[in-house]
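One structure below.
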Amino acid sequence: MSIILCLIALWLVITACTISSIISQPFSRKQRFFWITLVVVLPIVGILAYLPFSFNKEEIPDIFLMKQKRGKKRSGAGSGSRRG
């Protein structure tokens, strides 16, 4: 019984975070209403459908730049020490 209660609490937290994210997005009133309704009525489908829209579009280029910098550090560090 306690596992079920923990799962319900976790699901409520995930749904609340999703709704909070929807409210913080620069959507119109109709778009917010649509997404919140979708998340509440069809929770799994709604959250999965909203996932691509949940990212802050201004930060996406920074995320890709961070990945490129990490990749360059890893590939350049070990290439000079190996002899084949």
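Values as computed for the structure displayed
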read-out: Net length gained if the chain between I4 and F33 were fully extended (0.36 nm per residue, minus Cα distance); value: 7.5 nm
read-out: ³J(HN,Hα) computed for each position of the range 6-23 - Karplus, 6.51 cos²θ - 1.76 cosθ + 1.60, integer Hz, glycine/proline x; value: 5, 5, 5, 5, 4, 5, 5, 5, 4, 5, 5, 5, 5, 5, 4, 5, 4, 5
read-out: Rounded, prolate or oblate (a/c below 1.5 giving rounded, otherwise prolate when a/b exceeds b/c) for the range 8-54 by Cα gyration tensor; value: prolate
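A short reminder: the numbers here are calculations on the coordinates, not readings from a lab. It should be emphasised that the depicted structure is a prediction, and the values quoted were computed from it without experimental measurement.
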